[in-house]
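The values are calculated or read from the model by the stated rules, or taken from the named source; none is laboratory data. Because the structure is predicted, anything quoted here is derived from the model rather than measured. Backbone-built Cβ (ideal geometry, glycine too); neighbour counts: all protein chains shown. We work out accessible area using only protein heavy atoms, side chains counted, and drop any ligands, DNA or RNA first. Shrake-Rupley method; radii C 1.70, N 1.55, O 1.52, S 1.80 Å.
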Amino acid sequence: MKIVEKQTKVTLCENPLPIRYDDFPEYTKQDYLDRIERLWKLPQAQNYDYIVIYGDREHFANVDYFTGYDVRWEETLLILQRDRIPTILVGNEGRGYVNETLIDLNIEMYQTFSLMGTPNDERSKKLKDILLGCGMKCGSRIGLIGWKEYLKELFSPHQLLTDVPYYIVAAVAEITGIDHISNATGLLSDCRYGLKHTVTAKEIIHFELSGTKTSRGVYNCIKHAKPGMREIEAAAFLNIDGEPQNLHPTVNFGQRHVAAGIGSAAYGQKLEYGMPVGIGYGLRGSLIHKAGMYIRNMDDLSDNEQGYLDKFLKPYFAAIVQWYQMSRIGVTCGELYRMVDDMLGIREFGIGLVPGHFTHTDEWTNSPFADDSDIKLGSGQALQCDFAVGFADPFMSAHIDDGYVIADAALQKEIKSLSPTAYERFMARREFMKNVLNIKLPDEVLPLSDLPGVCFPYMADTSIVLAVE
């Protein structure tokens, strides 16, 4: 595979297809009820009498998934029981906000979830009494969902491993007994059976809107970044609107900031030619991040950095190309992992994590990409092609992080029916990848980004991209 520089206009961002919000299907009460029904039908859920889900500002996604209640600065607890209306516990400021949800909920005010210094009075029952009121009793089998599962071999045998706050676990255990509580987070995020790893047409359309906005904002920021500009000044060009984010915006200039990778835009750091840069942010359902060297041409690099293009960036882009070309239904995640390792070397190219992962409204749910993984790509998976690379001496960094969906013909037909404009953007991206970047894109790949697979070899010049010859 020969990688070349190509002069082109990134038409998807320069002449964007319009976003029409009236062509955007909203979630309904039935969507949430269907998710709850699917949960209870999972074989892995059959042993539970209750599924108890904790949420807070950072870990909003699991409660939101079943209710549409997007917890803000308080915490929340959702209690699901078979064939009964769910119960949700909210603090003072959630009490009115929770009424915006579409499904029927038994709402319990639990003021311990409120901010300190706000009322905690007779309107709020004790947690144990609320749980008893839900019918919980000695011997009830509880599936507890926080935000992670844990490697049991790293902890004491027979220990309950959960990140749900201790006082909640203690209240449940006082009723049921600690041995009747299990970490059930895998019901949502296990790589084989987790509910959030099979997405619907409506979810895909939501994620597509997120990818559209984030990619256009990232491109706008890259295009308008200028020497002497501070990170915080450049970040204004991300054009962030009122959509809730799933990742802190990252506009980073210079080796120290780019190497850290996840810092917020700073006031003091200014952009100069020859610097590494990283620019990205995420909305729920899609993250876009691009990193490289802020140069106009190779003359902006020092003598010992002259291998940047041929020894570093082009091999990396070739692996990205192959990733997309292999993203076919039935290919195992292990095959993709080994391809990256064979083409680049996971350690040699400084890939600190794994080369990709599942995504949902929470940016990273889990990753099936491992050397020995036999998990197969399938229709209805939302993924991030996400592997940053870096050399230490001399320091070089690159990242082409875009989301995409695997969708068979039937799922694509449903997407087109629900949102013709989202489908049109999907098809335009596919054409760009195939006809401009010359990537042999499988029919089932739907790119979420208007910068799909785009690599700017000279981050100071957005008119040149890397492509397959």
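See the values below:
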item: Segment 1-24: number of residues that are loosely packed, with under 13 Cβ neighbours inside 10 Å and aromatic (F, W, Y); result: 1
item: Wholly enclosed helices (runs of 4 or more DSSP H) of segment 141-255 bearing at least 2 residues exposed (fewer than 14 other Cβ atoms within 10 Å of the Cβ) and free of Cβ contacts under 8 Å to residues at least 12 places away in the same chain; result: 166-176
item: All positions within segment 93-139 that are outside any helix (DSSP H, G or I), within 34 Å of the chain's Cα centre (by Cα) and not aliphatic (A, V, I, L, M); result: E93, T101, D104, N106, E108, Y110, S114, T118, C134
item: Inter-residue pairs, beta-carbon under 9 Å, first at pLDDT below 95 and of a type outside the set (S, T, N, Q) and in segment 425-446, second part of a strand (DSSP E or B) and open to solvent by 10 Å² or more (accessible area, probe 1.4 Å), 6+ apart; result: none
item: For F66: the one exception among (1) outside any loop (DSSP other than H, G, I, E, B); (2) in contact with a strand residue (DSSP E or B) (Cβ under 9 Å, 6 or more places away or on another chain); (3) in contact (Cβ under 8 Å) with a residue 40 or more places away in the chain; (4) of a type outside the set (D, E); result: (3)
item: Check on L80, assigned to a strand (DSSP E or B) and either closer than 24 Å to E174 by Cβ or open to solvent by less than 10 Å² (accessible area, probe 1.4 Å) (or both); result: yes
item: Residue selected from segment 25-55 under the condition touching a helix residue (DSSP H, G or I) at 6+ places or on another chain (Cβ under 9 Å) and exposed (fewer than 13 other Cβ atoms within 10 Å of the Cβ), by the criterion farthest from Y308 (Cα to Cα); result: Q46
item: Criterion (touching a residue at least 60 places away in the same chain (Cβ under 8 Å), under 17 Å from G228 (Cβ atoms), open to solvent by 50 Å² or more (accessible area, probe 1.4 Å) and of a type outside the set (V, I, T)) met by exactly one of Y294, Y267, Y273; result: Y273
item: Unmet criterion (only one of (1) open to solvent by 20 Å² or more (accessible area, probe 1.4 Å); (2) at pLDDT below 95; (3) more than 22 Å from K148 (Cα to Cα); (4) touching an Asp or Glu at 6+ places or on another chain (Cβ under 9 Å)) for L353; result: (3)
item: Selection count where residues are touching a Gly at 6+ places or on another chain (Cβ under 7 Å) and acidic (D, E), scope segment 45-74; result: 1
item: Among the candidates R192, R216, residue that is under 20 Å from the mean Cα position of the chain (by Cα) and within 30 Å of D300 (Cα to Cα); result: R216
item: Pick from segment 423-464, criterion of a type in the set (A, V, I, L, M) and touching a Leu at 6+ places or on another chain (Cβ under 7 Å), ranking: farthest from L271 (Cα to Cα); result: A428
item: The lone exception for I88 - which of (1) open to solvent by less than 50 Å² (accessible area, probe 1.4 Å); (2) outside any helix (DSSP H, G or I); (3) touching a residue at least 40 places away in the same chain (Cβ under 8 Å); (4) under 29 Å from M116 (Cα atoms) it fails; result: (3)
